[in-house]
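Every number here is computed from the coordinates shown, using simple stated rules; none is lab data. Because the structure is a prediction, the values reported are computed rather than measured. A quick note on method: Cβ atoms are made from the backbone with ideal geometry, for glycine too, and the neighbour counts reach across all protein chains shown.
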Amino acid sequence: MSERFFPDGMPQPLADAITLPFWQAAAEHRLVVQRCMRCGRTRLPPAPLCPDCRSEEADWKPVSGRGELYTYTIVHRAIAAGQPLPTVIAVIALEDAGGVRMISNLVGATPEEIRIGLPVELVWEDMSAELAIPRFRPTRGRP
Ligand SMILES: [Zn+2]
């Protein structure tokens with residue numbers, strides 16, 4: 001099992017036909033973004049149509065999970081018993097995802113180091129055998 005950051009009682013994502021491939025990849029610790037097969041635009045969250053060319057044809061592009069903190073908010077009110085506080089809700093600009101930004105959590109950061117532009121890396125949190133959630137932590141030991 002991976003490192004845990006949140007309790008089991010946290011609300012869990014509900015997959016549907018459009019998002020299921022994302023969550024299936026996540027369960028295997030692969031981060032993917034949806035990519036239009038006609039024009040190449042990437043998007044996240046997944047959607048049935050490309051917002052640029054309206055194509056319904058899409059595949060899934062693997063991405064590294066490296067990026068930077070685009071913006072964030074610090075939450076001081078728990079939504080589940082045992083939730084650590086404060087919690088950082090973060091928008092991550094993924095570096096190799098065609099401009100896609102992803103809403104997640106920043107974990108393992110000291111209050112002093114949280115800033116816009118902070119380099120981050122992906123860390124998987126296994127909530128169960130079927131559900132892994134991508135979180136992000138400050139990149140350490142990287143030039
Ligand atoms: Zn397109």
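So here's what we get for this one:
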| quantity | calculated |
| --- | --- |
| Long-range amide H partners of LEU31 with built H, under 5 Å | VAL63 |
| Karplus-derived HN-Hα couplings along segment 38-55 (A = 6.51, B = -1.76, C = 1.60, θ = phi - 60°), whole Hz, x at Gly and Pro | 8, 10, x, 5, 9, 8, 7, x, x, 8, x, 10, 6, x, 8, 10, 6, 5 |
| Around SER2: net Lys/Arg minus Asp/Glu count, Cβ-Cβ under 10 Å | -1 |
| Exposed-loop-free span, longest in the chain, where GluC sites (Glu not before Pro) count as exposed if DSSP calls them loop and at most 12 other C-beta atoms lie within 10 Å | 58-129 |
| Highest-fluctuation residue, PRO45, PRO21, PRO111 considered, GNM on the chain with Cα pairs under 10 Å | PRO111 |
| Under Karplus coefficients 6.51, -1.76 and 1.60, residue-wise ³J(HN,Hα) of segment 77-84 in Hz, glycine/proline x | 10, 6, 10, 8, 4, x, 5, x |
| Total formal charge among the other residues, if their Cβ is under 13 angstrom from that of ARG135, Lys/Arg +1 and Asp/Glu -1 | -2 |
| Cβ charges +1 (Lys, Arg) and -1 (Asp, Glu), total dipole of segment 53-143, debye | 340 debye |
| For the chain, calculated [θ]222 nm from helices alone, where every DSSP H run of n ≥ 4 adds -39500 (n - 2.57) | -1500 deg cm²/dmol |
| Segments 30-36, 9-15 sorted - mean Cβ within 10 Å per residue, highest first | 30-36, 9-15 |
| Farthest toward positive dipole pole in the chain [+1 Lys/Arg, -1 Asp/Glu at C-beta], among ALA132, ASN105, CYS53 | CYS53 |
| Equivalent-ellipsoid semi-axes of the chain, from the Cα gyration tensor, Å, largest first | 26, 19, 14 |
| DSSP beta bridge pairing in segment 1-108, given as percent antiparallel to the nearest 5 | 100 percent |
| Shape of segment 9-84, Cα gyration tensor, a/c cut at 1.5 | prolate |
| Among THR87, THR42, THR110, residue whose mean-square fluctuation peaks in a GNM of the chain (springs only between Cα atoms under 10 Å) | THR110 |
| Inter-probe distance in nm under a simple model that places probes 7 Å from Cα toward Cβ, at ASP59 and MET37 | 0.8 nm |
| From phi via Karplus (6.51, -1.76, 1.60), per-residue ³J(HN,Hα) for segment 10-22 in Hz, x at Gly/Pro | 5, x, 9, x, 10, 7, 10, 4, 7, 9, 3, x, 4 |
